[in-house]
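Structure record follows, encoded as structure tokens.
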Amino acid sequence: MASQKRGRQSFQLNRPAVITHWASVAGKKESEGPLGHTFDLTSQDAYFGQKTWEQGEKQMQKLALETLAKKAGLRQQEFDLVFSGDLLNQCIGSSFTLRNMGIPHLGLYGACSTMAESLLLASMTVGGGFGDKVVAMTSSHFASSERQYRFPLGYGGQRTPTAQWTVTGSGAALVCSEGKGPRITGCTIGTVTDLGIKDANNMGAAMAPAAYATIRAHFTDMGVGPEDFDLIVTGDLGQLGKEMLLELAKRDGLSLGGKLTDCGNLVFDNTVQDVHAGGSGCGCSAVTLCGYLLGQLNTGKLKKILFCGTGALLSPTSTQQGLPIPGVCHGIAITGGR
């Protein structure tokens with residue numbers, strides 16, 4: 001019997017999973033943004049001392065995992081399991097990070113929703129008694145993402161006003177069965193939603209319907225509303241996607257009560273940093289959560305948030321074939337650690 005299931009697509013943990021430690025690594029542009037002081041490590045070198053951007057992304061995950069282990073007072077081999085993924089083909093950022101380490105690993109691809117997806121699966125693993133020390137981790141890199149999904153940087157292509165800036169960063173969180181820290185009390189697994197957006201430079205619009213569908217499902221399944229949260233935080237809709245989400249809610253007669261914010265709008269200051277519509281990428285929600293939001297929850301400045309990682313499920317092949325961009329969003333209810 002699915003005793004922890006609630007409604008169609010949500011579950012409530014009978015024993016909340018605890019996020020005991022977290023770590024964040026970010027690049028130069030991110031360090032210059034409003035959340036720069038909350039990151040554990042930053043680098044002025046886009047390559048992170050490596051030969052390629054892709055190897056640099058792997059190095060970010062490596063640093064995030066090492067920092068997480070150090071903060072937790074553990075050897076990395078003491079982690080029971082790592083859920084991780086990234087935006088690179090075949091998730092090579094994650095698999096190359098963990099190769100030959102002897103740590104059980106389940107690779108994920110949820111596009112930019114991967115931080116939320118990995119946290120969701122980590123909480124299910126801990127809540128189901130299948131692990132005590134489970135890591136959720138992801139990363140993205142501006143240059144490697146541009147090369148894969150749009151144009152090589154050397155091409156010098158013009159970015160459209162709807163385009164977002166992929167965050168160079170990695171976040172990792174340790175989810176445990178007991179301990180002190182913010183608690184994951186319930187989650188909503190997203191459904192793949194497609195309203196026909198085909199522009200790979202307007203992913204906020206492509207993901208907004210999935211974000212709204214998940215937020216609405218969480219409210220319905222769990223019997224809660226905007227008033228039950230300090231913040232409802234979407235992953236990386238950016239400014240345009242956030243406005244579209246608010247419009248979808250308004251048309252449905254739902255007010256989000258001024259609680260909605262977006263990691264893509266938090267991580268950069270668009271008044272001084274030219275990122276067009278905001279931040280994006282797996283690293284966007286990862287460093288915002290593992291740098292800023294969990295810290296606010298742990299100190300009691302935030303009591304409860306609904307963290308909704310959003311992902312655009314496109315590939316170069318699907319874009320070149322003129323297909324629309326499906327979106328997905330996973331919601332995680334996190335309460336403060338005090």
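General remarks:
- In the distance distribution for the range 295-338, Cα-Cα pairs more than 11 Å apart total 70 percent.
- Near the amide H of LYS180, within less than 5 Å, lie no amide hydrogens of residues on another chain or at least 5 residues away, with H placed in the peptide plane.
- Percent of Cα pairs exceeding the 13 Å cut-off, where the set is the range 225-288: 62
- Among the GluC sites (Glu not before Pro) found in the range 20-76, not one is both in a DSSP coil and sparsely packed, with 12 or fewer other Cβ atoms within 10 Å of its Cβ.
- Taking amide H as placed 1.01 Å from N in the peptide plane, the amide H of THR166 sits under 5 Å from that of SER280, each at least 5 places away or on another chain.
- Cα pair distances of the range 1-119 binned at 10 Å [whole percent]: 12, 36, 35, 14, 3, 0
- Computed helical MRE - 222 nm, the chain, DSSP H runs ≥ 4 contributing -39500 (n - 2.57), nearest 500: -9000 deg cm²/dmol
- Counting Lys and Arg as +1 and Asp and Glu as -1 over every other residue whose Cβ lies under 15 Å from the Cβ of THR52, the net charge comes to -1.
- Whole-number D in µm²/s for the chain (Stokes-Einstein; Kirkwood sum over Cα pairs; 20 °C, 1.002 mPa s): 111
- Rel. contact order, % - alpha carbon contacts under 8 angstrom, at least six apart, the chain: 25
- Charge dipole (debye, nearest 20) of the chain; +1 at Cβ of Lys and Arg, -1 at Cβ of Asp and Glu: 520
- Taken over the alpha carbons of the range 227-338 as equal point scatterers, the Debye sum produces base-10 log I(q)/I(0) values at 0.12, 0.15, 0.20, 0.22 Å⁻¹ of -0.47, -0.71, -1.14, -1.28.
- Sparsely packed chymotrypsin sites (Phe, Trp or Tyr not before Pro) within the range 35-140, loop by DSSP, other Cβ within 10 Å at most 10: none
- Ranked by how many other Cβ atoms sit within 10 Å of their own Cβ, fewest first, the residues LEU240, LEU245, LEU41 fall in the order LEU41, LEU240, LEU245.
Taken together, the values in this text are just the output of simple stated rules run on the coordinates, not laboratory data. None of the values given here were measured: they were computed from a predicted structure. When we count neighbours, we look across all protein chains shown, and the Cβ atoms used for this are built from the backbone with ideal geometry, even at glycine.
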